[in-house]
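S.K.: I am attaching a structure below and will ask some questions about it afterwards.
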Amino acid sequence: MPDKAILVDATKCTACRGCQVACKQWNDLPAEDTSFFGGPGYQNPKDLSSITYTLVRFFWSGKKGTDVDGYGNWQFLKYGCMHCKNPRCKLVCDSMYKAIYKDEDGFVQINQNICKPALCNACSAGCPFGIPKPDTQSVWKCTACINRRGDTYPQTIKDPDSAWLNGPELVPACVSACPTGALQYGDRSVIIAKAKSRANDPKVKAKFPEVNIYGDTGPFGGLRVVSVLTRKPGFYAFPSKSAMY
Amino acid sequence: MTNTWTDIGTSDVIMIIGGNPAENHPMAFRHITNALENKYGNTGLDGNGAKLIVVDPRYTRSASKASVWNGRQMYCRLRSGTDIAFVDGMINYVIQHKKYNQPYVLSYSNAGFLLNENFKGPAETGNGRFSGFIPDLTQPVPSLGQIGKYDKSSWDYARYVPGHVNEYKALNIATDFWDGFGDCTCGTSCGFSKDTLSLDPQSPYYLGKFRQHLLAAGIITSAEVAGDPANQKTVWEHMLLHYARYDKDTVINLTGADPSGYDDVCALFAMTGEAGKAGTILYAMGTTQHTVGTQNIRAYSTLQILLGNMGVSGGGINAQRGESNVQGSTDFALLFHILPGYLGQPDATVPGDAWFDLTDPAIGEPGHPAQPASYIKRVTPFRMHQNELNWWGNFKKYIVSLMKCYWWNALGSPTAADPATAEQLQAVYTWIPKIPGNCSHIQLFEDMHAGKIKGLLAFGTNPAVGGPNSVKEREALQKLDWMVISELWENETAAFWQYGTTGQKLTSAEMAAIDTEIFLLPAAAHMEKEGFVVNSSRWAQFRYKAVEPPGDAIHEILMVNLLFDACKAAGANDYGMTFLTMGAGWYGTCDPSADILDREINGVRTNGTLVDKFPNLLDNGTTASGNWLYCGMYPTDGSNLSKRRINTQAAGMAPVYPLWTWAWPVNRRIIYNGASLEPCGWGGVTDRPWDSAHKVVWWEGSWKGDVNDGIANPHGYGGHIERSPFIMRNEGHARLHGAGMAEGPYPEHYEPLDTPLAARGENPVPSGAGHSQLINPCIKIYEPDKVGNPMNYPIIGTTYRVSEHWQAGAATRHLPWLCELFPDVIVEMSMDLALSKGINNGDRVQITTMRGYMQARALVTNRFNTFRIYGEMRHHIGVLWHWGYKGIKKGHSANRLISHVGDANTRIPESKAFLCNIEKI
C-alpha cells in the first residue's frame, strides 16, 4: 500500500493563497460571500466550511517596537485536514454510521452517501483540529484530491521540486499550484526526510528559532500532512505532538 | 530586466526595493527561493545560500521571507519617496569603504571620463540643482522649489576640438594610455600602469590625478586640452563630491530607516562588490511611481555598476513587470514617446522633425559635418570612439524597416530589391502621426478634461480606477463625444456614465445629461486567443488558445482589422490609410493568424525571405520589420522560436536556458554580458569570467554561451580590441554620469510633491548652506492648488497591490473565488496611529487628501510603524488600489487620492507617496 504524504513547509510559504483557489477550482466549490472580518493579516474566509477545504491562516505576533522584534513574526500556515494515521473522526464515526475510511494512499475520506450530518456531526466535534464541516447533505473536508490520484496517479514524479510543472502527474491541486515549493507531495518517508533537512538547516533555524516538524511521529500516530512549523504547535492551537487517543 | 527570472537563482544577495514579488509576482518567488535554497550551487557569502534583503515602508509578505544575517532580519523600512536618499547612502558606503569592483569600474564605466569644465553638481552649486538650470517663470511655484528645465550642454564630457575623429577627450587619453604605453612611459618612473591606476583618492595613482600627470609629463599637451583644465574633473571626482553628502545621519533622518538595520543592509549588499559575487536588485512600481522614479532606477544602476553586478549571472537590475505582457506592450510602443522597438517618436513641436533625413551617410560617425535638422539627425547618436559599436547608430535601418512594414507598397518595390527613393522616404515619413509634444496619460486626461480631446479608444485599460486623480479622470470621460472600449466585462470606465465621479449611481436624468456615445466591444481573454506574450525576462513565449471566446467576443487582431476596414469604408482614405498594410485588403481577411503577424514583426525581405537577425536589416526599403528587437525570433528556417520549449543547457552555464523560447535582443539572456568577464584595458575583455561556476559567455577559440554583446576577442588573442560591453551607449561604457536625464546626471534626493518637509521649507541634503529645492525641479505641476500640506495632511500614504487582485480589478473583482479571498478595500496602519485616532481593527475609516477622499476598512498591524523624520514622528499608511464601483465586490478607488503629477522624464504618476489624513467614520 502506498504510503503518501503532503509537506506543508511554513518556512517557504508566502501566503499567495494559490492553494486556496486551486482547491476551490479542482473541487468545483463555490465562493463564500466574505467581508474583511478584522482578522490578522489578509486571511479570508475566517474558517473552513463545507465549501472551503483549504485555508491559509495568517498569524501575527511579536511585540510592537523595533524592526527586528516587531516585524519578525508574520506567519502563514496552510490549513486543512491533517489526515491523521489514527484519525479520531474515523474512530467516532465507526461507532455511528461508518462513513469515514482511509483510501489506498492512507488519506482520510468521508463517504457522502452514508454520512448523516443532521443526526450526527460527531466527527466535526471530535476532530482535534476542527476540520470537518457539515452542510445538510454531508460533512466535508479535504480529500487530498482523491480524484486526482487513483487511476491518473501513481506515476513517478521525476522531480518533486518541479511537480507543479509535470503536467500529467496529478498531485493534489494545492501542491500543483504552489510556486515556492512550500507544498510538496510524495512518499511519506521522503516527505519526512525533506522536513527534517529543512528543520535542521542553520539558515532556517536562524530565521525561525522555534522551527519544528509536526506530524512525522505524532500526534495521533503521525499525520499525512507533515508540517515544518515556524512556531511551536501551541501557537497554532494544535495538539501537542505526543497527543494520542 | 537586464537578466532573467531563472538567473536570479545564482544571486548571492537579492535586494527587493520598490517591489513585492511574494504578493505581486508570486511565481517569481520560486526563483528567489531557488537562490535562498542554493539550487544552482552558489555558495553565497557564508556558504549557505543567498541572502534576501527587503526594503519597503511596510513589512510585506516578501519581507516575511527576508534572511537573517548578522543576527538581524534583513528587512529595512524607508519612508515612501526616499529611495534615492537610501540608495545614494548605500553608494556612499560602497565608495567610503572601497567595496566597489575597481577593475570593473575603471574599465567598463565612464568613471574615468573627463567632464566639461562648466559642469557643477548640487555639491558645488549650493542651490540643490545642477548647472544649467533655466527656471520657468510661468510655472506655479508652490514654495517647494523652482520649476524649470536644464540646458544640458555643461553636462557633456570634455571635448577636444569638435570634428576630431575621437573628439571625446577622456576616451582619447585613456586609449592612448592603454594602447600607447600600457605602463606609463613618462620617463619619471611614476608608477602609473593599468594595474596601479586607482579610484581611491588617497592613492598616488588616483584616477583624478591621471590627466594632470599626463599633462605634466608632457604626454598630452595643453593645446590638446580645451578650456581650463584646472576645473575639469572626472566623473569619479564629481561622484565623490555628490555622494559624500548622503552620510548616514542624513539618510536616516530623511528615510526614517532603523539605523542599525540600514548599516547591515549597506554592509551586506556591498559584499557583492567582491569579484565573483553577484547581487541583484528587484524593483517594480514602488520605485517608478514617483516624481523621481527614473532617478530611483538610476541610483540602483549606479550602485550595481560600482559593485560590478551588471552583465554577470545573478546580478543586474531587474524590473518585475506588473502583468504578463507589460514588457511586450512597452516593446511595441504602448508609450507615447516611442515607436515599436524604442524608436523615437516624431514630434510636431520639434521643427526638424518635419524632415526625415537631410544628411549624408556619415551620420552616426564622429566628426560629422554640420547638417540641417531632421528626424534622423535628432534620434541617431554618433559614435564617440572608433572602438565602440554605438548600436543606436543603426537607427535608420530600424525606422526604415518599420516604415516598410507599415506601408509595404509605398516604399521601394513590393517584390523586387529596388531601393526606396529619398522622396518616397520623406512621403511615407509624413504618414507617421506626429505627437504634439507630451502625450503622457496625465497630459491626455488634462486635455480631455479641458475639452480638447473628443474621442477615446480604450483597449485593456480602466482609467476610471487605474488613472491618477480618478475623480478628475471620470470627469474628463464625461466630456468625450465618443468612446470605444474593448473589455471582458463592463468595467468602471465603460460604465462611467451610470455613476457619479465618486461612484454613486446616477439617476436616469443625470445619466441622460452625459452626452458621450459609448461602444463596448466584447474582448477575448488571454486563454481565448493566441499570440506571443513577453515576460520580464524579455522572453517572447507563444501562448496557444485554450477555449473559444464566449458570445460575440473576438480577439484584438480581428477587432482592430475590422475597425480599420470600417474606418476606410467610412471615408478615412488619406494616403497613410490607403497604403497601410492592414485589413482585409492586405491580408485577404480581417483575421490573419498571430503566426503571420509574428513573421511580419520579425522581418521579411521584398523577395519574401525572412530576415534572421537585425544586423541584416537595411535602410533602403528592401527589408521590413515590425520591431527590430524581435528580428531573429522567426529565423530563415521558418520556425517560430516563441514556440520553442527546450529546458536544457550547457554545463557550468548560468541558468538562463537559452533554448527556452526566444529573448530579445538576438536571444541574449543577460544584457551587457561581456561584463561577466574580467576586463583588459579601457573596456576590452579577457577570457576569464568573474564567476567560473556560473559562466555567461566564455572563450573556446570563439565565444560560447549566451549570445554576446558584440565584444571583441579577448586579450591575448588575435582580433582583440578595447571595446566596452555597453554597446547601446555611444561611449560604450556604463554611465555613472548619465547626461540624458531630465533632472541631473546623478540621482539627487528630492521630496515627493506632497512632502512632510514642506513646513521645514528646506531640503536637508547639503548643498551649500540650506537650500529650498525640496521637489524635483523638472516636473510639471498641473494642479498647484491640489498640493498636500503636512499641517492639514500630516500622514504619509502609499498605495499597493495584493496577490489576490489584479491591477484596476476588472479581471479579478468579477471572479467569486478571488473576491472571497479579498473582499474589501483595506487601509493598513500602525497600532500607534490607530490608538491616536480611536480606530480598531476592521473599522470603517475615511482617508482624505487634497485631491479627494475614499473609505476603507482599517487593518491595524505592527507591520507599519511610525517614522522619525528629522525628529518629527510621522505616521505612514498604505491603501490597496484595486477597487471600483463595478464587479462582485465594490469599493472606493485609492487613485481618488492621487495627484496629477508625474516623473520628470516619463510622467508616470506619483502614486506611491502622498500626504493624507484618516478618520474613523
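Since every read-out is calculated from the coordinates, none of them should be taken as a lab result. Please read these numbers as outputs of a predicted model, since none were measured by experiment. Reconstructed Cβ throughout: ideal geometry from the backbone, glycine too, with neighbour counts over all protein chains shown.
S.K.: Where does the charge balance sit around B:Trp664 when Lys and Arg score +1, Asp and Glu -1, over other residues with C-beta under 9 Å from its C-beta? Working shown, then result.
M.R.: On the way: positive: B:Arg538, B:Arg668; negative: B:Asp331.
Net local charge, B:Trp664 excluded: +1.
S.K.: Mind jotting down the distance between the C-alpha centroids of the range B:744-805 and the range B:374-408, whole Å?
M.R.: 38 Å
S.K.: Here's something else I'd like to know. What does a probe at B:Asp637 reach in the range B:593-630, counting residues whose amide N is under 17 Å from the point 7 Å along Cα→Cβ?
M.R.: Under 17 Å, as judged by backbone N against the label point of B:Asp637, lie B:610-613 of the range B:593-630.
S.K.: Quick one: net charge of B:Ser625's neighbours, Cβ under 15 Å, K/R +1, D/E -1?
M.R.: Residues close to B:Ser625 contribute a combined charge of +1.
S.K.: Could you line up B:Asp7, A:Asp201 from fewest to most neighbouring Cβ atoms inside 10 Å? Before the final figure, lay out each step's value.
M.R.: On the way: B:Asp7 31, A:Asp201 18.
Final ranking by Cβ density, sparse to dense: A:Asp201, B:Asp7.
S.K.: What relative contact order, as a whole-number percentage, does chain A give when Cα pairs under 8 Å and 6 or more residues apart are counted?
M.R.: Details: 466 pairs, mean separation 63.2, N = 245.
Result for chain A is 26 percent.
S.K.: Which aspartates and glutamates have a Cα lying under 12 Å from the Cα of A:Lys203, excluding residues fewer than 8 positions away in the same chain?
M.R.: Within the straight-line limit of under 12 Å, A:Lys203 reaches these aspartates and glutamates: B:Glu37, B:Asp46.
S.K.: For chain B, give the share of DSSP beta bridges that are antiparallel, in percent and rounded to the nearest 5; count only bridges with both residues there. Each step should come with its number before you reach the end.
M.R.: Values: 46 of 86 bridges.
Counting only bridges with both partners in chain B, antiparallel ones make up about 55 percent.
S.K.: Helix A:188-199 versus the longest principal axis of chain A: what is the Cα-based angle in degrees, 0 to 90, to the nearest 10?
M.R.: 20 degrees
S.K.: Please flag any cysteine in chain A that has no other cysteine's Cβ under 4.7 angstrom from its own Cβ.
M.R.: A:Cys13, A:Cys16, A:Cys23, A:Cys84, A:Cys93, A:Cys115, A:Cys120, A:Cys127, A:Cys145, A:Cys178
S.K.: Another question about this same structure. Given the rule -39500 (n - 2.57) for each run of at least 4 DSSP H residues, summed and divided by the residues of chain B, what is its mean residue ellipticity at 222 nm, to the nearest 500 deg cm²/dmol? Walk me through the intermediate numbers first.
M.R.: Values: 26 runs with 207 residues, N = 921.
That calculation yields -6000 deg cm²/dmol at 222 nm.
S.K.: Could you sort out which of A:Lys4/A:Lys241; A:Lys46/A:Lys90; B:Lys152/B:Lys396 sit more than 30 Å apart by Cα distance in this structure? If you can, show how the numbers build up before the last one.
M.R.: Working: A:Lys4/A:Lys241 20 Å; A:Lys46/A:Lys90 26 Å; B:Lys152/B:Lys396 25 Å.
The answer is none of them.
S.K.: What are the ³J(HN,Hα) couplings of the range B:879-889, residue after residue, when phi is run through the Karplus curve with 6.51, -1.76, 1.60 and θ = phi - 60°? Round to Hz, x for glycine and proline.
M.R.: 10, 7, 10, 6, 8, x, 9, 10, x, 5, 10
S.K.: Moving on to the next point. Compute the separation of the alpha-carbon centres of the range B:842-921 and the range B:272-286 and state it in Å as a whole number.
M.R.: Here the answer is 30 Å between Cα centres.
S.K.: Report, for the protein assembly as shown, the % of DSSP beta bridges that are antiparallel, rounded to 5.
M.R.: On the way: 67 of 111 bridges.
About 60 percent, rounded to the nearest 5.
S.K.: Straight distance only, please: which aspartates and glutamates reach the Cα of B:Lys505 with their own Cα at less than 13 Å, same-chain residues fewer than 8 apart left out?
M.R.: Straight-line reach from B:Lys505, under 13 Å: B:Glu492.
S.K.: Oh, and also: For B:Leu306, B:Leu835, what ranking results if the residue with the fewest other Cβ atoms within 10 Å of its Cβ goes first?
M.R.: Working: B:Leu306 28, B:Leu835 11.
So the ranking, lowest neighbour count to highest, is B:Leu835, B:Leu306.
S.K.: Continuing with this model, one more query. Near the amide H of B:Thr686, under 5 Å away, which other amide H atoms are found, from residues 5 or more places off or on another chain, if H is placed in the peptide plane?
M.R.: B:Glu678, B:Cys680, B:His715
S.K.: Still on this structure: Could you work out [θ]222 nm for chain A from helices alone, using -39500 (n - 2.57) per DSSP H run of at least four and dividing by all its residues? Round to the nearest 500 deg cm²/dmol. Kindly include the intermediate steps, with their values, before the conclusion.
M.R.: Numbers: 7 runs with 49 residues, N = 245.
Mean residue ellipticity at 222 nm (helix-derived): -5000 deg cm²/dmol.
S.K.: Moving on. Quick one: Karplus J couplings for the range A:118-128, per residue in order, coefficients 6.51, -1.76, 1.60, θ = phi - 60°, nearest Hz, x for Gly and Pro?
M.R.: 5, 9, 10, 6, 4, 5, 4, 5, x, 6, x
S.K.: Can you tell me the FRET efficiency between B:Tyr870 and B:Asn573 if r is taken as the Cβ-Cβ distance and R0 is 60 Å, rounded to the nearest 0.05?
M.R.: Details: r = 64 Å, r/R0 = 1.07.
Efficiency computed from Cβ-Cβ geometry: 0.40.
S.K.: Order by neighbour count: B:Met854, B:Met791, B:Met527, fewest other Cβ atoms within 10 Å first, most last.
M.R.: Working: B:Met854 26, B:Met791 9, B:Met527 12.
Final ranking by Cβ density, sparse to dense: B:Met791, B:Met527, B:Met854.
S.K.: Can you give me the distance in nm between label points at B:Leu334 and B:Thr196, each placed 7 Å from the Cα along the Cα-to-Cβ direction?
M.R.: Here the modelled spin labels are 5.5 nm apart.
S.K.: Moving on to the next point. Long-range amide H contacts for B:Met483: which residues qualify at under 5 Å (H placed 1.01 Å from N, peptide plane, sequence gap of 5 or more or a different chain)?
M.R.: So B:Met483 has HN proximity to B:Leu456, B:Glu517, B:Ile518, B:Phe519.
S.K.: So, one more: Where the centroid of each part is defined by its Cα atoms, how far is the range B:46-69 from the range A:24-51 in Å?
M.R.: The range B:46-69 and the range A:24-51 have Cα centres separated by 29 Å.
S.K.: Using r as the Cβ-Cβ distance of B:Leu241 and B:Ser692, and R0 as 30 Å, what FRET efficiency do you calculate, to the nearest 0.05?
M.R.: Numbers: r = 38 Å, r/R0 = 1.25.
With R0 = 30 Å, the Cβ-Cβ based efficiency is 0.20.
S.K.: Show the residues, 5+ positions off or on another chain, whose built amide H is closer than 5 Å to the amide H of B:Arg868.
M.R.: Residues meeting the criterion, in which the H sits 1.01 Å from N, are B:Arg874.
S.K.: Let me ask something else. B:Asn647 versus B:Leu215, label points 7 Å from Cα toward the beta carbon: distance in nm?
M.R.: The modelled label-to-label distance comes out at 6.0 nm.
S.K.: Between B:Ala769 and B:Glu548, what is the label-to-label distance in nm when each label sits 7 Å out along the Cα-to-Cβ direction?
M.R.: The two pseudo-label positions are separated by 8.0 nm.
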